[in-house]
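Chemist: Quick one: the structure is below, questions incoming.
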Amino acid sequence: MLQTGSQILAAFLVALPFQDRFEDLDALQVGWYLGLLLLALLIVALLLTPVGMHRRLFRQRVKDEMVKTANTLLRTAILLLGLLLSGVAVFVIDVVLSRGIAVGTGVVLLALMGGLLVLLPHRIARRAHG
């Protein structure tokens, strides 16, 4: 689900410049869009890498290292996905409503993503390990 959702979001961002209203974006919005596009593509690459590693390294007796590396890649992708989702919200709200509302919403979403994706798992791990 994570991989599919990221790929769909990346595809949406790739297709955006071909829409009529794209020409109405100001320089900041175009720069923000390009940053989001690159971030989305990086996330897709991070999510696909463990699949490629598994295919390439299957039965090579490197399972522990492969699992450790895949875990790091996926954790990084999840954190970046939180950043991407917040950034997409900022972009859309900036285009549809206003930059001020977009920035405020982005800050709230970024804090929420940080709480859900970083602080909550840390808290659960701390409780589990006493």
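Chemist: Hey, can you tell me all the residues within the stretch 99-111 that are in contact with a helix residue (DSSP H, G or I) (Cβ under 6 Å, 6 or more places away or on another chain) and surrounded by fewer than 18 Cβ atoms within 10 Å (Cβ to Cβ)? Show your work before the answer.
Modeler: Start the filter on the stretch 99-111 by keeping residues that are in contact with a helix residue (DSSP H, G or I) (Cβ under 6 Å, 6 or more places away or on another chain), which leaves 101-102, 105-106, 109-110.
101, 105, 110, listed by residue number.
Chemist: Only residues that are small (Gly, Ala, Ser) and either in contact (Cβ under 8 Å) with a residue 60 or more places away in the chain or touching a helix residue (DSSP H, G or I) at 6+ places or on another chain (Cβ under 9 Å) (or both): list them for the stretch 112-130, please. Reasoning before the result, please.
Modeler: First, the residues of the stretch 112-130 that are small (Gly, Ala, Ser): 114-115, 125, 128, 130.
114 - this is the single residue of the stretch 112-130 that is small (Gly, Ala, Ser) and either in contact (Cβ under 8 Å) with a residue 60 or more places away in the chain or touching a helix residue (DSSP H, G or I) at 6+ places or on another chain (Cβ under 9 Å) (or both).
Chemist: Output yes when any residue across the stretch 45-55 is at pLDDT 90 or above and either of a type in the set (Gly, Ala, Ser) or closer than 22 Å to residue 95 by Cβ (or both), and no when none is.
Modeler: Yes, because at least one residue in the stretch 45-55 is at pLDDT 90 or above and either of a type in the set (Gly, Ala, Ser) or closer than 22 Å to residue 95 by Cβ (or both).
Chemist: Also, quick follow-up: Would you check which residues across the stretch 90-112 are in contact with a Ser or Thr (Cβ under 6 Å, 6 or more places away or on another chain) and of a type in the set (A, V, I, L, M, F, W, C) and list them? Explain how you work it out, then say what you get.
Modeler: Start the filter on the stretch 90-112 by keeping residues that are in contact with a Ser or Thr (Cβ under 6 Å, 6 or more places away or on another chain), which leaves 93, 106, 109-110.
Residues satisfying the conditions are 93, 109, 110.
Chemist: Quick one: in the stretch 1-27, which of the residues that are more than 19 Å from the chain's Cα centre (by Cα) and in contact (Cβ under 8 Å) with a residue 24 or more places away in the chain is surrounded by the fewest Cβ atoms within 10 Å (Cβ to Cβ)?
Modeler: Our first condition is that a residue be more than 19 Å from the chain's Cα centre (by Cα); within the stretch 1-27, this holds for 17-27.
Remaining after also requiring in contact (Cβ under 8 Å) with a residue 24 or more places away in the chain: 21, 25.
On the way: 21: 8, 25: 17.
Checking each candidate, the answer is 21.
Chemist: Hey, another quick one. Checking residue 59 against (1) on the phi > 0 side of the Ramachandran plot; (2) at pLDDT 95 or above, only one condition comes out false. Which one?
Modeler: (2)
Chemist: Across the stretch 51-98, which residue is surrounded by the fewest Cβ atoms within 10 Å (Cβ to Cβ) among those that are touching a residue at least 60 places away in the same chain (Cβ under 8 Å) and more than 16 Å from the chain's Cα centre (by Cα)?
Modeler: This residue is 95.
The values are calculated or read from the model by the stated rules, or taken from the named source; none is laboratory data. Just so you know, these numbers come straight off a predicted model, no measurement behind them. Positions of Cβ are backbone-derived with ideal geometry, glycine not excepted, and every protein chain shown enters the neighbour counts.
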